[in-house]
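Please read the structure below before turning to the comments.
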Amino acid sequence: MAEGSTPERPRFAGAGRSLEVLRAEAHDELATLIELRCRQGEDPWEVIPDLPSVDEHVVISLRADAFGHAGSGSPTGLGLDAELEFLREIALWHPPLSRAVWSLSYRLETAPRH
């Protein structure tokens, strides 16, 4: 990749797992995160509202898998339009995730730019 250019957006390939499996994995990860934060003394009533929904976590995980990193805030190097197009591909592949995709898309569009 040339200096100053943006990386090519990977194609979403569905991650090869069923939506039920993806949701179960996301549920387990969120439950573990809630338990960990509560053991560190945080109040569950403050922890839970800050966490993504199970479906949002699935979308975040699929995005992270495609770009080879973890976390929703990790930079992909893509512009906003390419990022939103990638999220739309997830919604096309797994239509039940559409609401989560649109929620995360809205957050991306309204997030402060640096």
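The single condition among (1) surrounded by fewer than 11 Cβ atoms within 10 Å (Cβ to Cβ); (2) within 20 Å of Ser105 (Cβ to Cβ); (3) modelled with pLDDT of 90 or more that Leu51 does not meet is (1).
Mind counting the residues in region 38-67 that are charged (D, E, K, R), more than 30 Å from His94 (Cα to Cα) and part of a helix (DSSP H, G or I)?
Going through region 38-67 one residue at a time, the tally reaches 2.
Note on region 105-114: residues that are surrounded by 11 or more Cβ atoms within 10 Å (Cβ to Cβ) and of a type in the set (D, E, K, R) total 1. Looking only at region 92-104, residues that are of a type in the set (Gly, Ala, Ser) and either surrounded by fewer than 19 Cβ atoms within 10 Å (Cβ to Cβ) or in contact with a Lys or Arg (Cβ under 7 Å, 6 or more places away or on another chain) (or both) come to 2 in all. From the set of residues in region 72-91 that are part of a loop (DSSP other than H, G, I, E, B) and surrounded by 15 or more Cβ atoms within 10 Å (Cβ to Cβ), which is modelled with the lowest pLDDT? Per the criteria, the residue is Ser72.
The values are calculated or read from the model by the stated rules, or taken from the named source; none is laboratory data. Just so it is clear, the model here is predicted, and its values are computed rather than measured. Cβ coordinates were reconstructed from backbone atoms using ideal geometry, including for glycine residues, and neighbour counts include every protein chain displayed.
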